[in-house]
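The values are calculated or read from the model by the stated rules, or taken from the named source; none is laboratory data. What you see is a predicted model; the values in this text were computed from it and never measured. Please note: Cβ atoms are built from the backbone with ideal geometry, for glycine as well, and neighbour counts cover all protein chains shown. Just the protein is used for accessible areas: all its heavy atoms, side chains included, with ligands, DNA and RNA removed. Shrake-Rupley method; radii C 1.70, N 1.55, O 1.52, S 1.80 Å.
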Amino acid sequence: MEAIKGFLQPAVGDQIRRLTLLAETDSTNDYLLQLPTADMHGQIVLAEKQNAGKGRRGRRWQSPQGNIFLSMGWRFNTRAVSLEGLSAVVGICTCRALSGIGLSGHGIKWPNDIYVDGAKLAGILVELKGNSHGTSAVIGVGINMHLDAETTSNIDQPATGLAGQSGLKTTDRNTIVAAVIEEIIAALEHGSRRLPDYLREHWSQWDLLAGQAVHLEYQGAAYKGEAQGITPGGALRLHVSSGPGSAAEIMTFHSAEVSVRRA
Ligand code: BTN
C-alpha cells in the first residue's frame, strides 16, 4: 500500500482520502457502494482477488488472484445523466497509463473495453448513486495480468493479460495502479464539465471501432452500420446502413442499452 502511495505525485496523493488493500472481496465496486455516499469520495479499494467480480451488463468479471481490481469513489456536483461519458474517459485514462508503462497497439472498443491485438485486456464498470445534491460514482477498473487456461475458458471472448505483452517497462502492479489512479484523478479534478472536452481531445486516438462495420442490438432490434466515433457525451455514432426506421443516417446509441460486435 505504501508502495502505491510512493509512486503517486504528491498532488494526486492529497486527493486520496483512504486507500484500502484487501486480500479478497466479492467486488471492489460493491465494497465502496455499501459505504454511506458521504464517505465514498476519494476512497480507493484494491483487492488481490474478487469472489464475485462484476462486469458490464450483469456479466461476471473473472477475478483470479494476481490481476488488478481497482475501484475509486468520486463525488460530482451534477446529476447522473451528465456522467454518461465517464466510463469512456476512464477507458482513455487506463489506455494512457498502459502506454506509460510501454504497452502499444491497445485501444478501446466502445464503450470502454480495452483490447490489445484483438483480445480483451481490461474493462471498466462505472456505477452511480445519485440524489438531489449530486452523484457519487464508483469507478471500477479490472486489468488482466495473467490468465490461466481455466479462467480463459470461462471468458466468452478472446482475452489476454499484460504479463505476456512485449515492450513493457514493468509489470509491477503497484506502478501500474499508481499510473491509472494518476490519470483518472487528473481527468476528474475539474469535475464533470470537463468530461466532454476530455473525450473530444482524446477519444479518437484510442477508438478501435472508428470506420469499422459493426452490428448493434438495441431494444431487441438489430442495426448495422459504420461506427463514426462518439458524441461529447460518450454515445456511439453509427452511420446506419440497415435497421428499423430510415437507413443511411447517423444514429446515436447509449452504452447501457447496447451490445456491439464487429461485422
Ligand atoms: C467489463 O468489461 O465488463 C467491466 C469489468 C470491470 C471489472 C472491474 S474489477 C474492479 C471492479 N470491481 C468489480 O466487481 N468490477 C470492476
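Measure up Lys54/Lys224; Lys5/Lys109; Lys54/Lys129; Lys120/Lys224; Lys129/Lys224; Lys120/Lys169 against 25 Å on the Cα-Cα distance and list the ones that go over.
The pairs that break the limit, which is 25 Å between Cα atoms, are Lys54/Lys224; Lys5/Lys109; Lys129/Lys224.
Return an integer: the convex hull volume of the alpha-carbon atoms of the stretch 129-263, in Å³ per residue.
Roughly 180 Å³ of hull volume per residue.
Got a sec to turn the phi values of the stretch 198-204 into Karplus ³J(HN,Hα) couplings, 6.51 cos²θ - 1.76 cosθ + 1.60 with θ = phi - 60°, whole Hz, x for Gly and Pro?
Once rounded to whole Hz, the list reads 4, 5, 4, 6, 10, 4, 4.
Could you state how much accessible area Leu35 has, in square angstrom rounded to the nearest 10, with a 1.4 Å probe and all protein chains kept in place?
40
At Thr78 and Ala119, where each label point lies 7 Å from the Cα along Cα→Cβ, what is the point-to-point distance in nanometres?
3.7
For the stretch 26-111, divide the Cα radius of gyration by the Kirkwood radius and give the resulting Rg/Rh value with two decimals.
0.97
Rounded to the nearest percent, how much of the accessible area of the stretch 97-203 (1.4 Å probe, protein heavy atoms only) is carbon and sulfur?
Here it works out to 44 percent.
Suppose only helical runs count, i.e. DSSP H with n ≥ 4. What mean residue ellipticity at 222 nm does that imply for the chain under -39500 (n - 2.57) per run, divided by all residues and rounded to the nearest 500 deg cm²/dmol?
-7000 deg cm²/dmol
With a/c under 1.5 counting as rounded, go ahead and sort the stretch 134-193 into rounded, prolate or oblate using the C-alpha gyration tensor (a ≥ b ≥ c being the square roots of the eigenvalues; past the cut-off, prolate if a/b is larger than b/c, else oblate).
oblate
For Asp207, which sequence-distant residues (separation of 5 or more, or a different chain) have an amide H within less than 5 Å of its own amide H, given hydrogens modelled in the peptide plane?
HN-HN under 5 Å from Asp207: Ile108.
Taking every pair of alpha-carbon atoms in the stretch 90-130, give the share separated by more than 15 Å as a whole percent.
37
Largest first, how would Tyr31, Tyr115 line up by accessible area (1.4 Å probe)?
Tyr31, Tyr115
For His133 paired with Gln15, estimate the spin-label separation in nm (one decimal), with each label point 7 Å from Cα along the Cα-to-Cβ line.
2.1
Which order do Met251, Met40 take when ranked by solvent-accessible area (1.4 Å probe, heavy atoms of all protein chains), largest first?
Met251, Met40
Calculated FRET efficiency, Ser241 and Gln205, Cβ-Cβ r, R0 25 Å, to nearest 0.05?
0.45
Give the accessible area for Val81 in Å² (nearest 10); use a 1.4 Å probe, count only protein heavy atoms, and leave out ligands, DNA and RNA.
Rounded to the nearest 10, that gives 110 Å².
For the stretch 71-76, what does the Karplus curve 6.51 cos²θ - 1.76 cosθ + 1.60, with θ = phi - 60°, yield as ³J(HN,Hα) per residue in whole Hz, taken in order and with x for Gly and Pro?
10, 9, x, 8, 9, 10
For the chain, give the magnitude of the charge dipole about the Cα centre (Cβ charges: +1 Lys/Arg, -1 Asp/Glu; no others), in debye to the nearest 20.
Computed about the Cα centre, the dipole is about 300 debye.
Accessible area per residue of the stretch 146-263 at 1.4 Å probe, in Å²?
52
Long-range amide H contacts for Leu147: which residues qualify at under 5 Å (H placed 1.01 Å from N, peptide plane, sequence gap of 5 or more or a different chain)?
Here the answer is Gly161, since their amide H atoms fall under 5 Å of that of Leu147.
Among Glu24, Glu182, what's the order by accessible area (1.4 angstrom probe), most exposed first?
Glu24, Glu182
If you count only protein heavy atoms and use a 1.4 Å probe, how large is the accessible surface of Trp203, to the nearest 10 Å²?
10
Could you state, as a whole-number percent, how many of the C-alpha pairs of the chain are farther apart than 31 Å?
Counting pairs separated by more than 31 Å, the tail of P(r) holds 22 percent.
Roughly what would the spin-label model give for His215 and Thr152, points 7 Å off Cα along C-beta, in nm?
Computed distance between label sites His215 and Thr152 equals 2.5 nm.
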